[in-house]
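The numbers here are math on the coordinates, done by the rules we state, and not lab data. Model, not experiment: these values are computed from the prediction. Positions of Cβ are generated from backbone atoms using ideal geometry, with glycine treated the same way; all protein chains shown enter the neighbour counts.
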Amino acid sequence: MRAFVRAVNALSVFFGMIAAALIGAAILIVCHMVFVRYVLNGSTAWQTDTVIFMLIAATLLGSAYVLRQGGHVTIDLAWEAAGQATRRFLRVMANIGTFLFATVLAVTGGHYFWQAWEGNWLSETVAEIPLWIPFLSMPVGFGLLALQALAQIIDTPRAVDVHGAAVHAAEELGEEQTAAIKEGH
């Protein structure tokens, strides 16, 4: 099971880097679009669609990384008032909900991706971007989010957490330091 958790965590980090690269590329494309449109008075037919699709893909592909880092919304007041056993229970329940929600959206997104692929759907703009390209980020992003939620459910007994995110101390510290962290020393 540890191998599964490590693999999912690595995938989440990898796709988090892809999401960051997509955001960086979108920024560069917007800068290019502004220059072409306002300085050169040229056409920017493909840039708007591309930027929109890149930012949506970055959001979906990066969601598992955000979950891994504990960046999703939490209610700190309730969390801080809860004991460790209650925190673990809440963490498992939140991750089960995330897993179910993301699984449904991954399957639905896969259906839309397949329809766009089979039907050769194109965006209704001048650029006519094949819609299977942006639709692919739905099953991949939500599928990875579901896997990350499952990995966090599996990893809950080992987790030493502050805001619901697993701190993988055993991977970075020796066993003595990890035991000291868990005991609160």
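Between residue 20 and residue 69, full extension at 0.36 nm per residue minus the direct alpha carbon distance yields a gain of 16.2 nm. Here segment 100-116 and segment 22-57 have alpha carbon centers that stand 28 Å from each other.
For residue 53, the shell of other residues with beta-carbons less than 15 Å away shows a net charge of -3, using +1 for Lys and Arg and -1 for Asp and Glu. Proximity of backbone amide H atoms, modeled 1.01 Å from N, is registered between residue 122 and 131 at under 5 Å, excluding neighbours fewer than 5 places apart on the same chain.
Sorted fewest first by neighbouring Cβ atoms within 10 angstrom, 53, 15 come out as 53, 15. Considering only DSSP states other than H, G, I, E and B, which trypsin sites (Lys or Arg not before Pro) in segment 1-76 qualify as loop sites with at most 12 other Cβ atoms within 10 Å? Answer by residue number: there is no such site.
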